[in-house]
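Chemist: Before we start, here is the structure in question, set down as structure tokens.
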């Protein structure tokens, strides 16, 4: 089986997307996986429109060029917390044609189930489209107020601590019913809590405790995550383990070089390697 390439948090960078195409052309991966935060950062109603132009134009052309470079490649992708959900219909429109839209779904790629989830714990940021309570238990997020997007535009929103649902734990439970977790590669925007993959500049761990509990209980084949760009630089590690499960966050370091990982999905432990860090 050919290797797969995973990266995340490209945030609309043409230079980084170009490197994905270049790496794919030279290494011929069987699959390319993008773990969220696809579009440029953009706020407010104008930001929704700006991201839609990017997705309908640049991202579609990127997918076509990737297919030209590697005709049989499978492109799997999902949104992250910095992508306005009002534009998710663009991903859905081309699902099955240019790519596989993976949020809350399982797709089988060359015999390997891949499960996707965009949800992250509640962040200090303004866009709240892809945020959720963790598991129904007590938590004290830094920012409850922000903005949601939809067909009606952008509207103010506030998470209510008196009603801690729906949850990330519930979404993971749904995914677990779609494939055997032990056989499945999980494509998640958020890393699990208290690992080398979820450390911010202040050395706090900000990953998802619901994801950690799920991984500890279900022991998936592999967890691919992003979201915390600086984590490998701060923690000194781009991979970790929870029981027998390898957990990965390649980061994006703000440098011109693409941070991603190569791996054989049948043998992730022995084959994981970083595009920058080795």
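Chemist: Considering only 49, 82, 129, give the residue with the highest GNM mean-square fluctuation for the chain, with springs between Cα atoms whenever their separation is below 10 Å.
Modeler: Comparing 49, 82, 129 in the GNM, the peak value goes to 49.
Chemist: Another question about this same structure. Using Cα pairs under 8 angstrom and six or more residues apart, how large is the relative contact order of segment 1-143, in percent? Please report the intermediate quantities before stating the final value.
Modeler: Numbers: 231 pairs, mean separation 29.0, N = 143.
For segment 1-143, the relative contact order is 20 percent.
Chemist: Could you give the length gained on full extension between residue 72 and residue 139, defined as 0.36 nm per residue of separation minus the Cα-Cα distance, in nm?
Modeler: On the way: separation 67, 0.36 × 67 = 24.12 nm, distance 4.46 nm.
Value of the extension gain: 19.7 nm.
Chemist: Here is a further query. Please compute the length gained on full extension between residue 25 and residue 277, using 0.36 nm multiplied by the number of residues separating them and subtracting their Cα-Cα distance. Kindly include the intermediate steps, with their values, before the conclusion.
Modeler: Working: separation 252, 0.36 × 252 = 90.72 nm, distance 2.08 nm.
Here the segment from residue 25 to residue 277 would lengthen by 88.6 nm.
Chemist: From the alpha carbon gyration tensor of the chain, can you work out the equivalent ellipsoid semi-axes (sqrt of 5 times each eigenvalue) and give them in Å, largest to smallest?
Modeler: On the way: eigenvalues 133, 104, 63 Å².
Equivalent-ellipsoid dimensions as semi-axes: 26, 23, 18 Å.
Chemist: In whole Å, how far is the Cα centre of segment 211-272 from that of segment 1-58?
Modeler: The distance from the Cα centre of segment 211-272 to that of segment 1-58 comes to 18 Å.
Chemist: What is the extension gain from residue 160 to residue 183, computed as 0.36 nm multiplied by their sequence separation minus the C-alpha to C-alpha distance, in nm to one decimal?
Modeler: Once the chain is fully extended between residue 160 and residue 183, it gains 4.6 nm.
Chemist: Right, something else. Please give, to one decimal in nm, the separation of the simple spin-label points placed at residue 110 and residue 92, each 7 Å out from Cα toward the Cβ.
Modeler: Between residue 110 and residue 92, the label points sit 3.0 nm apart.
Chemist: Still on this structure: Just to be sure I understand the curve: with the Debye formula and one point per C-alpha of segment 173-278, what is log10 I(q)/I(0) at q = 0.12 Å⁻¹?
Modeler: At q = 0.12 Å⁻¹ the computed log10 ratios are -0.36.
Chemist: A further question follows. Over segment 70-227, what portion of Cα pair distances is larger than 29 Å, expressed as a whole percent?
Modeler: 18
Chemist: Looking at the chain only, what percent of DSSP beta bridges run antiparallel? Nearest 5 please. The partial results should precede the final answer.
Modeler: Details: 22 of 48 bridges.
Among the beta bridges of the chain, antiparallel pairing accounts for roughly 45 percent.
Chemist: Only Cα pairs within less than 10 Å get springs; with that Gaussian network setup on the chain, which residue of 226, 116, 254 has the largest fluctuation?
Modeler: Checking each option, the largest mean-square fluctuation is seen for 254.
Chemist: Next question. Taking the chain as a Gaussian network, Cα atoms linked when under 10 Å apart, which of 78, 91, 178 shows the biggest mean-square fluctuation?
Modeler: Answer for the Gaussian network model of the chain: 178.
Chemist: For the chain, what's the relative contact order in percent, using C-alpha pairs closer than 8 Å and at least 6 residues apart? Don't skip to the answer; put the middle values down first.
Modeler: Numbers: 640 pairs, mean separation 50.1, N = 278.
Rounded, it is 18 percent for the chain.
Chemist: Also: Would you please state the base-10 log of I(q)/I(0) at q = 0.10, 0.20, 0.23 1/Å for segment 52-145, with intensities from the Debye formula using one equal scatterer on every alpha carbon?
Modeler: The calculated log intensity ratios at q = 0.10, 0.20, 0.23 Å⁻¹ are -0.34, -1.01, -1.18.
Any read-out appearing in this document is the output of simple, stated calculations on the displayed coordinates, not a laboratory observation. Worth saying up front: this structure is predicted, and the values here are computed from it rather than measured. For neighbour counting, all protein chains shown are included, and Cβ atoms are generated from backbone atoms with ideal geometry for every residue, glycine included.
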